[in-house]
Every structure is written in C-alpha cells, then in structure tokens.
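Before any comments, here is the structure.
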Amino acid sequence: MANNESEAPCMTPTEFVETHGLEAWVGDVLGMLHRGQQAAVMNPQLNTERARNPSGIVMSRIKQV
C-alpha cells in the first residue's frame, strides 16, 4: 500500500469505524496514525460483506503501512 504523506483520508477514523461496523478499538488505532497512513488504510474500498472479522481486515491493512 502506498504511504503518501500528502494524501488525505476519505473520512475520520470514527466515521470509518461507524460506516463499516468495526470495533471501537480500531478507531483508536487509526487515530494513532498520521494522515498519510490513515489514507492508505481507509481510502481503498473495504468490502466486509462476507468477512467474519472486519476489524481484522483493517488491522491487516494497518500492519502493511
């Protein structure tokens, strides 16, 4: 995943968590990242339709950045 410092996240960590029905701690972790990292995690489309653990998918993205 790209780590572009100038790219802005598509929404706030709180909005991202609420939109995708994630666990609250995911928002806390996203809040610890700088804006470029947040964008790399949150901007690519997140398809959690069949996921058993959507928060785990996001955590995997966080680990990649």
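The values are calculated or read from the model by the stated rules, or taken from the named source; none is laboratory data. Not measured: the values here are computed from a predicted model. Note that we place each Cβ from the backbone using ideal geometry, even for glycine, and neighbour counts take in every protein chain shown. The protein model used for the area step is the full one, side chains on, heavy atoms only, and it has no ligands, DNA or RNA in it. Shrake-Rupley method; radii C 1.70, N 1.55, O 1.52, S 1.80 Å.
On the protein heavy atoms, probe 1.4 angstrom, tell me the percent of accessible surface of the chain carried by carbon and sulfur. Spell out each step's value before the answer.
Numbers: 1940 of 4150 Å².
Here carbon and sulfur together make up 47 percent of the probe-accessible area.
Keeping all protein chains in place, calculate the accessible area per residue for the chain (probe 1.4 angstrom), answer in Å². Intermediate values should be presented prior to the final figure.
Working: 4150 Å² over 65 residues.
Normalised by residue count, the accessible surface of the chain is 64 Å².
In debye, nearest 20: dipole of the chain around its Cα centre with unit charges on the Cβ of K, R (+) and D, E (-)?
With only Lys, Arg, Asp and Glu charged at Cβ, the dipole is about 240 debye.
Among [x] 14.2, 47; [y] 14.9, 42; [z] 10.7, 33, find the value of Rg and Dmax of the Cα atoms in Å that was calculated from the structure presented, and write down its label.
Matching the structure shown: [z].
Between residue 8 and residue 35, what is 0.36 nm times their sequence separation minus the Cα-Cα distance? Round to one decimal in nm. Spell out each step's value before the answer.
On the way: separation 27, 0.36 × 27 = 9.72 nm, distance 0.60 nm.
Answer, rounded to one decimal: 9.1 nm.
Out of 27, 11, 58, whose Cα points farthest toward the positive end of the dipole of the chain (charges: +1 Lys, Arg; -1 Asp, Glu; placed on Cβ)?
Checking the options against the dipole of the chain, the answer is 58.
What is the packing order of peptides 44-54, 9-19, taking the mean over residues of other C-beta atoms within 10 Å and listing the highest first?
9-19, 44-54
Multiply the residue separation of residue 63 and residue 25 by 0.36 nm, subtract the distance between their alpha-carbon atoms, and state the gained length in nm to one decimal.
Separation in residues times 0.36 nm, less the Cα-Cα distance, equals 12.2 nm.
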